[in-house]
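Data block below; observations after.
The values are calculated or read from the model by the stated rules, or taken from the named source; none is laboratory data. These figures come from a predicted structure and were not determined experimentally. Note that we place each Cβ from the backbone using ideal geometry, even for glycine, and neighbour counts take in every protein chain shown.
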Amino acid sequence: MGKVKVAPRVYAALLLKNRTPAQRVTLGFLMFNSMNGNLLFITPFPTLLELQTVTVSLQNAIVAAEGGTTAAKGLLVMAINDFDTIAVRMQEYVQSVANANPADAATTIQSSGLTLSKTPEKHPVPAPVAIIAAIFTNVTGTILVKWSAAKYARVYQLFMTTTPNVANSWTLVSTTTKRKFTVANLASNTRFYFRLVSIGVSGASAPSQTINNITNMD
């Protein structure tokens, strides 16, 4: 008897690295329209509503960023990351459906609006920030925090506390695309502790090391 031919393994691809923000919006709507009412994808996870929401939010962020303000451009980067996060989760869902019927995997993937690939795309979890510094300033109640870039990070979350050994005492100070942030309106002559979490399309890193400094006296 001859060998039974096995269909080659195929993978769902987003190709996000090569897509502009506007092309991401096009992809988002294509995926939504392709999967909405598609009997192959009865219970998508994340939901199609989540996909539609991040796509519309990205579309709005693109328009807002055309004004050129720093804040709007920062929000655009965050909107891109939010879109990519949902898109990657949807890619994983489509792949799981395709894997359930390997013979028709290519058709299944294409019917979702995604592209076929011979190799799986990798979306690593971002690395923790390796270097962080809290810098004393001459301005009352302010500390400047700077940090190094983390691989695969899209945005950074800066946390602060005065009691680092109390787990639930850490407060989110800022979510930013930059690698420095001036924390203001702090109590004077007080020691504050800081740490960072890197955020990427596949989730969050472990917290960075904790650093501290004292604010200037009045």
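For Val77, indicate whether it is within 16 Å of Thr177 (Cα to Cα) and of a type in the set (Val, Ile, Thr). I'd like the intermediate steps shown before the answer.
Working: within 16 Å of Thr177 (Cα to Cα): yes; of a type in the set (Val, Ile, Thr): yes.
Against the criterion (within 16 Å of Thr177 (Cα to Cα) and of a type in the set (Val, Ile, Thr)), Val77 qualifies.
Would it be correct to say that Ser208 is of a type in the set (S, T, N, Q), buried (at least 17 other Cβ atoms within 10 Å of the Cβ) and assigned to a loop (DSSP other than H, G, I, E, B)? Spelling it out, Ser208 is indeed of a type in the set (S, T, N, Q), buried (at least 17 other Cβ atoms within 10 Å of the Cβ) and assigned to a loop (DSSP other than H, G, I, E, B).
Consider Leu76 carefully, then state whether it is surrounded by 14 or more Cβ atoms within 10 Å (Cβ to Cβ), in the same structural domain as Pro21 (by TED's automatic domain parsing) and under 16 Å from Leu14 (Cα atoms). Talk me through it step by step, then tell me what you get.
Working: surrounded by 14 or more Cβ atoms within 10 Å (Cβ to Cβ): yes; in the same structural domain as Pro21 (by TED's automatic domain parsing): yes; under 16 Å from Leu14 (Cα atoms): no.
Taking the combined requirement at face value, the residue does not satisfy it.
Comparison of Leu16, Leu48 shows that the only residue that is surrounded by 17 or more Cβ atoms within 10 Å (Cβ to Cβ), at pLDDT 95 or above, in contact with a helix residue (DSSP H, G or I) (Cβ under 7 Å, 6 or more places away or on another chain) and in the same structural domain as Arg89 (by TED's automatic domain parsing) is Leu48.
Just so you know, in segment 120-139 the residues that are under 16 Å from the mean Cα position of the chain (by Cα) and within 11 Å of Ser208 (Cα to Cα) include one that is surrounded by the fewest Cβ atoms within 10 Å (Cβ to Cβ), and it is Ala127.
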